[in-house]
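Below is one structure, written out as structure tokens; comments come after it.
The values are calculated or read from the model by the stated rules, or taken from the named source; none is laboratory data. As the structure is a computational prediction, the values presented were derived from the model and not from experiment. All Cβ positions, glycine included, derive from the backbone under ideal geometry; neighbour counts span all protein chains shown.
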Amino acid sequence: MKYITPYLAYKYLKSKKNSRFTSIISKSSVIGISLGIAAIIIVMSIMNGFHSEMRNKILSMVSHVIVTQNNYELKDWDKLKFKIDRNNFVAASAPYVEGQAMISYGGNVHGIQLKGIIPEYEKEVTSLSNNIIQGDLSKIGNNPYQISIGSDLAKKMNLNIGDKLTLIIPRANSTLIGIVPRFKRFEVSSIFEFGMHQYDKDLVFIDIEEAQKLYEMDNYVSGLRLKLFDLFKSPGMSSIIRNEISPEYIVIDWTMMNKNFFKALQMEKTMLMLLMLLIVLVATFNIISSLFMVVSEKKSDIAILKTIGMSSNKIMSIFIIQGCFLGIIGIVLGIILGCLFCYNLDYIVQFIEYILGYSILDSDIYMISKVPAEIRILDIIFISLTSFIFSLLATLYPSINASRTKPAEVLKGN
């Protein structure tokens, strides 16, 4: 007896007596839910991919944690580095000097962000050495007045390896003829490319000691950059430095440096998910229509079942199971379709770009040149459960209506 309810739900779903119209509505509800689920998975996976790609690109140049002091001048950085490197969270650390400057070459002038580095330390905390496309980064520090520039800056200023440019520091020197800006000639020793316009155009690197001289910082540095084994431990590492080493240090982690940017990405993902779930919600209304049609066609059967002793709750459960079955089929098909699309996204995008004749993504705008996709199990579980709840709720009203069927009136009418 306990299996009779699921059996009847299945029989009603497959019954040949169902009208063609009811069958079409049932199929359309499954297709609607499937397409809705697939669309959500695709959109969420692309958003996850964008989020991860942009975070990784940003963190490839912006360290997980920065430690500095007032006025961005850190003294005794070597002693602090020794203490911090002993922490189990820390993979590596590197000092840096940072400031604004301009470069001049061939009559062109461009404002840049200058960073003084020690290449041996820098390669441990950023991906700079891995993104050198021309020249040799190790010349910085080994040869005097060597500079590494971005690929976009090199194209804009028409610079090549070995060219000599003028670096202008916005600090004045007092001379016999008056106040003149501070400038120095540098040779381009390497060109890097991160694939992000803001870095490839506006960032340059020189030796840390030369930067200290240009900015008159003596033995101070701007700060110490840390790379952690787990970037999500950054807030915890910040607390450790302030509480266990010294509260005088100013500690900034990557979540603070790009707080608004990552919050905007998360808000965008949340709003897109809510909007896409509305598609599934609309699709579940077809389940309501389908069940109403089945209830209308099966009134005689329902009356007979009630006459032989089946309770209203059992009648109700028949149509709840039937509606949930349609929802589950739609969810499973949607997950399969969405995952297949995401796993073949590169080929699909290439085909679309071939048809359109141009690239969909511009790295100058989106900071990445390809469409990424990252499927997360938690997203699929959340989407599946939410869609199942929608399907379940959609079955309640028609099921309740079926359970209220009065056998006497139905049989009398027949």
Filter segment 63-109 for residues that are in a loop (DSSP other than H, G, I, E, B) and in contact with a helix residue (DSSP H, G or I) (Cβ under 6 Å, 6 or more places away or on another chain); which is farthest from Met257 (Cα to Cα)? Phe89
Is there any pair with a first residue in segment 61-84 that is hydroxyl-bearing (Ser, Thr, Tyr) and a second that is in a helix (DSSP H, G or I) whose Cβ atoms are under 7 Å apart and which are 6 or more apart or on different chains, and what are they? Ser63/Val125
Matching entry among Ser289, Ser234, Ser238 (being of a type in the set (Gly, Ala, Ser), out of contact with any Asp or Glu (no Cβ under 8 Å at 6 or more places or on another chain) and in a helix (DSSP H, G or I)): Ser289
Within segment 94-113, how many residues turn out to be farther than 17 Å from Ser151 by Cβ, buried (at least 17 other Cβ atoms within 10 Å of the Cβ) and not hydroxyl-bearing (Ser, Thr, Tyr)? 6
Scan the helices (runs of 4 or more DSSP H) fully inside segment 308-390 and keep the ones with 1 or more residues being modelled with pLDDT of 80 or more. 312-343, 345-356
Among the residues of segment 99-116, are any without any contact (Cβ under 8 Å) to a residue 24 or more places away in the chain and charged (D, E, K, R)? no
Under 9 Å between Cβ atoms, at least 6 apart or on separate chains: pull out the pairs that start in segment 335-364 with a residue that is in the same structural domain as Met44 (by TED's automatic domain parsing) and end on any residue that is modelled with pLDDT under 80 and assigned to a helix (DSSP H, G or I). Ser359/Glu353; Ile360/Val349; Ile360/Ile352; Ile360/Glu353; Leu361/Val349; Ser363/His197; Asp364/His197
Tell me, yes or no, whether segment 21-39 has at least one residue that is surrounded by fewer than 22 Cβ atoms within 10 Å (Cβ to Cβ), in contact with a Lys or Arg (Cβ under 8 Å, 6 or more places away or on another chain) and either modelled with pLDDT of 80 or more or part of a helix (DSSP H, G or I) (or both). no
Every residue from segment 293-307 that is of a type outside the set (Gly, Ala, Ser) and either modelled with pLDDT of 75 or more or more than 14 Å from Leu326 (Cα to Cα) (or both): Met293, Val295, Glu297, Lys298, Lys299, Asp301, Ile302, Ile304, Leu305, Lys306, Thr307
Inspect segment 166-173 for any residue being outside any strand (DSSP E or B), modelled with pLDDT of 90 or more and not hydrophobic (A, V, I, L, M, F, W, C) and give the result as yes or no. no
Here's a check for you: in segment 241-260, which residue that is assigned to a helix (DSSP H, G or I) and touching a residue at least 60 places away in the same chain (Cβ under 8 Å) is nearest to Ser60 (Cα to Cα)? Trp254
Identify all residues within segment 385-396 that are surrounded by fewer than 19 Cβ atoms within 10 Å (Cβ to Cβ) and of a type in the set (S, T, N, Q); write none if there are none. Thr386
Would you point out the residue of segment 124-142, among those that are assigned to a helix (DSSP H, G or I) and touching a residue at least 12 places away in the same chain (Cβ under 8 Å), that is farthest from Lys227 (Cα to Cα)? Lys139
From the list Lys139, Lys123, Lys83, exactly one residue is of a type outside the set (Phe, Trp, Tyr) and touching a strand residue (DSSP E or B) at 6+ places or on another chain (Cβ under 6 Å). Which is it? Lys139
